[in-house]
Amino acid sequence: MSSVAQKQLPLRPAGPATVQRLLDWYDAERRDLPWRTATGARPDAYRIWLSEIMLQQTTVKAVTPYYREFLLRWPTVKKLAAADLDEVLAAWAGLGYYTRARNLHKCAIVIATQYRGKFPQTERALIKLPGIGPYTAAAIAAIAFGEKTAPVDGNIERVVSRLFALQLPLPAAKPEIKRFAQTLVPASRPGDFAQALMDLGSGVCTPRRPSCLTCPLQPDCHASAKGIAEELPRKLAKPARPTRFGHAFVALREDGQILMRRRPDAGLLGGMLEVPSTDWQAKGTAAAKALRSAPVDTEWWPVPGTVIHTFTHFRLELNVFLAVVPGDISPNLWAEPGRCRWIPRRKLEQEAVPSVMRKIVAHALKWQDA
Ligand code: SF4
């Protein structure tokens, strides 16, 4: 039979046979990830929760060393709850989206104090905890506790919208995708079903050039049959990301210590350490004006080039100034000395310093050391 003739046959709707093929494929092809247990073993909710929070907007490759380090330092949710927030932020540094780390700590405290160290076992209860949204609640409930629910992340959105050829664009399509995904969840192995969809979306049903020929869902996949897989899921065009501008001041003491300042707890990069800088604004300010905000009174040198960093909602462009200052210098009052401290440059790695600030320090020191 020709492939043209095959396409003209009415497709079966995806159903239990589709799910079974997916589970068989998962048993043979599943990714070996550090937070996964052997087939048949009950996964630990703490590990699933930790990995799911870390994996939000972050790749498996980036998450794996952080996940291992967190488990070594805090092998249980109670131990994590007893840690200092600053320690947790420092261990998280480099992983980005730091609100996750603050909520992780907050959530650990709630579980340790209100649930005696045991995670609640339903999606409905999990979603009330700090930092746990609809996807994470469903993922923990399905994977750790076997609840018949469908977590829907970006990978699963793609697979489900293609399997059923759903045309409504994201984000409006989210409830519809969740509804269709929910129709497939099997009563037994709902956690494996969710993880199978995650693996399929990650390695087979990829955004570009999905491998339909090797896909276990292919016999029932409407997007594949219609030849529109790559067009789905449809998405509304995102508004352009605005740029903000600022000036950052790297003060390097003669003994090799760098002036860092703790950011306010609320807001972007809350509670993390920063290189003192001007506000980040939609319009750039002249260097002479910016220097009035410098954290120490000294001679500042403009470092050639700019540091560019992309956050979710805006792009940041910073000019950097460097000053080498004597060991007894004090920060200006505006820099709030209570929030400022000198940190040896070699110890910055162990502190809660976000990527953008590491970039700024590296940019200045590279020029200084050249
Ligand atoms: Fe994705 Fe193709 Fe599989 Fe459909 S058949 S789910 S489009 S990889």
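The values are calculated or read from the model by the stated rules, or taken from the named source; none is laboratory data. Here the structure is a predicted model, which means the values were calculated and not measured. Note that each Cβ is placed from the backbone with ideal geometry, even for glycine, and that neighbours are counted across all protein chains shown. Note: accessible area is taken over every heavy atom of the protein model, side chains too, but ligands, DNA and RNA are not part of it. Shrake-Rupley method; radii C 1.70, N 1.55, O 1.52, S 1.80 Å.
Annotations
- Applying the condition of being aliphatic (A, V, I, L, M) and more than 8 Å from the ligand (Cβ to nearest atom) to segment 213-227 and asking which residue is nearest to Asp199 (Cα to Cα) yields Leu213.
- All of Arg162, Arg209, Arg158 fail the test of being within 11 Å of the ligand (Cβ to nearest atom) and either in a loop (DSSP other than H, G, I, E, B) or in contact with an Asp or Glu (Cβ under 7 Å, 6 or more places away or on another chain) (or both), apart from Arg209.
- For segment 190-206, filtering for residues that are surrounded by fewer than 19 Cβ atoms within 10 Å (Cβ to Cβ) and farther than 16 Å from Thr59 by Cα leaves 0.
- Residue list for segment 277-292, restricted to those being closer than 27 Å to Ala370 by Cα and open to solvent by less than 50 Å² (accessible area, probe 1.4 Å): Ser277, Thr278, Ala287, Ala290
- Top-ranked residue of segment 108-123 - restricted to ones that are within 25 Å of the chain's Cα centre (by Cα) and charged (D, E, K, R), ranked as most open to solvent (accessible area, probe 1.4 Å): Lys118
- Applying a threshold of 9 Å to beta carbon distances and a minimum spacing of six or more residues, or different chains, the list of pairs starting in segment 121-136 at a residue that is closer than 19 Å to His105 by Cβ and touching a residue at least 40 places away in the same chain (Cβ under 8 Å) and ending at one that is surrounded by 14 or more Cβ atoms within 10 Å (Cβ to Cβ) and polar (S, T, N, Q) reads Gly131/Thr99; Gly131/Asn103; Ile132/Asn103; Thr136/Gln56.
- Segments classed as strands (runs of 3 or more DSSP E), wholly inside segment 250-328, with at least 1 members that are farther than 22 Å from Glu349 by Cβ: 301-310, 315-325
- Segment 313-340, residues that are at pLDDT 90 or above and among the charged types (D, E, K, R): Arg315, Glu317
- Hits in segment 6-42 - residues which are at pLDDT below 85 and among the hydrophobic types (A, V, I, L, M, F, W, C): Leu9, Leu11, Ala14, Ala38, Ala41
- Here Ala82 meets each of (1) touching a Lys or Arg at 6+ places or on another chain (Cβ under 9 Å); (2) farther than 16 Å from Arg47 by Cα; (3) without any contact (Cβ under 8 Å) to a residue 40 or more places away in the chain with one exception, condition (1).
- There is no residue in segment 168-189 that is near the ligand (Cβ under 8 Å from one of its atoms), assigned to a helix (DSSP H, G or I), modelled with pLDDT of 95 or more and under 20 Å from Pro16 (Cα atoms).
- Cβ separations smaller than 7 Å between residues 6+ apart or across chains give the following pairs from segment 190-205 residues that are away from the ligand (no atom under 11 Å from the Cβ) to residues that are open to solvent by less than 20 Å² (accessible area, probe 1.4 Å) and of a type outside the set (A, V, I, L, M): Pro190/Thr149; Asp192/Tyr26; Ala194/Pro151; Gln195/Tyr26; Ala196/Tyr26; Asp199/Tyr26.
- Filtered by the rule that a residue be surrounded by 14 or more Cβ atoms within 10 Å (Cβ to Cβ) and either on the phi > 0 side of the Ramachandran plot or touching a Pro at 6+ places or on another chain (Cβ under 9 Å) (or both), segment 227-245 gives Ala229, Pro233, Arg234.
- In this structure, Ser161 does not satisfy being over 23 Å from Tyr97 (Cβ atoms) and either at pLDDT below 95 or outside the structural domain of Lys61 (by TED's automatic domain parsing) (or both).
- Subset of segment 130-150 [open to solvent by less than 10 Å² (accessible area, probe 1.4 Å) and more than 17 Å from Asp44 (Cα to Cα)]: Thr149, Ala150
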